[in-house]
Amino acid sequence: MTETADSPVRLSVVDSPGQPSPTPALAELYRGFEKELLVPLWTEIGDLMPPHPRSKAVPHLWRWESLLALAERSGRLVPVGRGGERRAIALANPALGGRPFATPTLWAAIQYLMPGEDAPEHRHTQHAFRFVVEGEGVWTVVGGDPVPMRRGDFLPQAGWNWHAHHNAADRPMAWIDGLDIPFQYVTESQFFEPGRDRIGAAERTTPGRSRSERLWGHPGLRPVAFPGSRPATPLLAYRWADTDRALADQLALEAEGHVATVEPGHAAVRYVNPTTGGDVLPTIRVEMHRIRRGAETAPRRETGSSVYQVFDGSGRVTVGDVSWPVTRGDLFVVPSWTPFSARSEASASDSDSGALDLFRFSDGPIFEALRLDRSDVEGPST
Ligand code: 1HN
């Protein structure tokens, strides 16, 4: 059929079940729809109302080795300052049109800062976090509070807080950033404001512990002078030593027969807001999973998408129809309603325990708040 010039609406007469008989009169009707910018439901329903989510995103894996090499090259070639604001290089899901979107809701990037460098202060409504798979030496300065970043630390950064980063070490440092940028892009809810060009001398100090940890970082204890729940966590760093001990204790209690974990050989913890016990950020859920040497998780699917980074160990992960061997630092995406399973397969270079540690972030809180969360688990394979 001929198309109506200038209309973004494009309707084709097709001879297929469930569609009206193709006739010249139908073609004429469709041209009328195009001209008036109208789309009939009968040509679109399959895409708009599928029987279950069919993600536009696809499973994909990025190797840490490749990301880090490119970040290092960027460190030599690309200055960090106003305009770009951050030397952050985002994962682009191959099915999302080349946009810097790991999933339809989540941004994930490697960020790199050279010795002595500063990433300028700014704030934005997007909720964010940092996670460190290797290295140390950068202080993220949140609301004037310098917070050291080291391997295994998780550093949440709720929207609209001023923040800058400062590398106080004599070596470059890389880490990953997770943000809800694609979600705020599609909901058109973003605000951004640049801060001071240079943070004050007091904020370029390098204390061992941040003020937020001194106030909020005591398990099971909260300061009486700060009552009430907050939408995002006031604790700016969750340290690896605590996460590691929580996972090791969980697996030990399971082995002693005292408690059940997520499933045999699979322990997990969720980072929470100490004022609510709920998720750390309003739009992003963050967890660390530990799969004991030789253990395997059952394929599970959920509405909403996740990004994983291998924190330690090696293994094999399966996302839908694809499967990859993975090792430290590798990042991969699990799209909505796509089954995911992981197996720990220790290699000679792995740590003594042979466990596979997987850092995970997802858009779970959005789906739960809107009552769109659903999940199922396949039974043990026979
Ligand atoms: C941002 O502020 C950071 O503060 C990282 O480290 C990544 C991506 C887009 C927009 C702002 C950061 C970002 C970002």
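I'd like the residue in the range 185-213 that is among the basic types (Lys, Arg) and not in a loop (DSSP other than H, G, I, E, B) and, out of all such residues, is nearest to residue 90 (Cα to Cα).
Within the range 185-213, the match that is nearest to residue 90 (Cα to Cα) is 204.
Given the options 128, 108, 90, 102, name the one that is free of Cβ contacts under 8 Å to residues at least 40 places away in the same chain and among the small types (Gly, Ala, Ser).
Result of the check over 128, 108, 90, 102: 90.
Output the residue which, of all residues in the range 333-374 that are under 20 Å from residue 63 (Cα atoms) and acidic (Asp, Glu), is surrounded by the most Cβ atoms within 10 Å (Cβ to Cβ).
Among residues in the range 333-374 that are under 20 Å from residue 63 (Cα atoms) and acidic (Asp, Glu), the one surrounded by the most Cβ atoms within 10 Å (Cβ to Cβ) is 357.
Given the conditions (1) under 17 Å from residue 149 (Cα atoms); (2) at pLDDT 95 or above; (3) in a helix (DSSP H, G or I), and given that residue 182 satisfies all but one, which numbered condition is not satisfied?
Of (1) under 17 Å from residue 149 (Cα atoms); (2) at pLDDT 95 or above; (3) in a helix (DSSP H, G or I), only one is false for residue 182: (1).
Mind checking which residues of the range 162-192 are more than 11 Å from the ligand (Cβ to nearest atom) and of a type in the set (Asp, Glu)?
170, 188
Kindly indicate the residue of the range 1-39 that is surrounded by 10 or more Cβ atoms within 10 Å (Cβ to Cβ) and of a type in the set (D, E, K, R) and also nearest to residue 102 (Cα to Cα) among those meeting that condition.
Taking the candidates together, the pick is 10.
State whether one or more residues within the range 40-60 are buried (at least 16 other Cβ atoms within 10 Å of the Cβ), in contact with a helix residue (DSSP H, G or I) (Cβ under 9 Å, 6 or more places away or on another chain) and of a type in the set (D, E, K, R).
Within the range 40-60 (the criterion being buried (at least 16 other Cβ atoms within 10 Å of the Cβ), in contact with a helix residue (DSSP H, G or I) (Cβ under 9 Å, 6 or more places away or on another chain) and of a type in the set (D, E, K, R)), the answer is no, since none of the residues qualifies.
Any chance you could count how many residues in the range 208-221 are in contact with a Pro (Cβ under 6 Å, 6 or more places away or on another chain) and modelled with pLDDT under 95?
So the answer is 0.
Just give me the residues in the range 339-373 being touching a helix residue (DSSP H, G or I) at 6+ places or on another chain (Cβ under 9 Å), of a type in the set (D, E, K, R) and more than 30 Å from residue 293 (Cα to Cα), in sequence order.
Residue satisfying the conditions is 373 alone.
For the range 60-82: of the residues being of a type in the set (D, E, K, R) and farther than 22 Å from residue 330 by Cα, which is modelled with the highest pLDDT?
The initial filter retains those residues of the range 60-82 that are of a type in the set (D, E, K, R), namely 63, 65, 72-73, 76, 82.
So of that shortlist, the ones also farther than 22 Å from residue 330 by Cα come out as 76, 82.
Working: 76: 95, 82: 84.
So, considering only residues that are of a type in the set (D, E, K, R) and farther than 22 Å from residue 330 by Cα, the one modelled with the highest pLDDT is 76.
Search the range 213-257 for residues being of a type in the set (Lys, Arg) and in contact with a helix residue (DSSP H, G or I) (Cβ under 9 Å, 6 or more places away or on another chain), and hand back the single one that is farthest from residue 149 (Cα to Cα).
222
Are any of the residues in the range 83-97 surrounded by fewer than 22 Cβ atoms within 10 Å (Cβ to Cβ), at pLDDT below 95, among the charged types (D, E, K, R) and near the ligand (Cβ under 9 Å from one of its atoms)?
yes
Which count do you get for residues in the range 134-153 that are more than 14 Å from the ligand (Cβ to nearest atom) and either outside any strand (DSSP E or B) or at negative phi (or both)?
Within the range 134-153, residues that are more than 14 Å from the ligand (Cβ to nearest atom) and either outside any strand (DSSP E or B) or at negative phi (or both) number 11.
Give the residues of the range 285-318 that are within 16 Å of the chain's Cα centre (by Cα) and either part of a strand (DSSP E or B) or hydrophobic (A, V, I, L, M, F, W, C) (or both), sorted by residue number.
285, 286, 287, 288, 289, 302, 306, 307, 308, 309, 310, 311
Of all the helices (runs of 4 or more DSSP H) wholly in the range 1-119, which have at least 2 residues that are within 30 Å of residue 359 (Cα to Cα) and either touching a strand residue (DSSP E or B) at 6+ places or on another chain (Cβ under 9 Å) or not aliphatic (A, V, I, L, M) (or both)?
Once the helices (runs of 4 or more DSSP H) in the range 1-119 are filtered for at least 2 residues that are within 30 Å of residue 359 (Cα to Cα) and either touching a strand residue (DSSP E or B) at 6+ places or on another chain (Cβ under 9 Å) or not aliphatic (A, V, I, L, M) (or both), what remains is 64-77.
Under 6 Å between Cβ atoms, which residue pairs at least 6 apart in sequence (or on different chains) link something in the range 193-212 that is aromatic (Phe, Trp, Tyr) and loosely packed, with under 12 Cβ neighbours inside 10 Å with a partner that is assigned to a loop (DSSP other than H, G, I, E, B) and modelled with pLDDT of 90 or more?
As it stands, the answer is none, since no pair meets every condition given.
Does the range 371-381 include one or more residues that are free of Cβ contacts under 8 Å to residues at least 12 places away in the same chain and among the β-branched types (Val, Ile, Thr)?
no
Kindly indicate the residue of the range 61-82 that is of a type outside the set (A, V, I, L, M) and in contact (Cβ under 8 Å) with a residue 60 or more places away in the chain and also surrounded by the fewest Cβ atoms within 10 Å (Cβ to Cβ) among those meeting that condition.
It comes out as 82.
Would you check which residues across the range 120-133 are in a loop (DSSP other than H, G, I, E, B) and within 12 Å of the ligand (Cβ to nearest atom) and list them?
Within the range 120-133, 125, 126, 127 meet the criteria.
The values are calculated or read from the model by the stated rules, or taken from the named source; none is laboratory data. A quick note: this is a predicted structure, and the numbers were derived from the prediction, not measured. In this analysis, Cβ positions are derived from the backbone assuming ideal geometry, glycine residues included, and neighbour counts consider all displayed protein chains.
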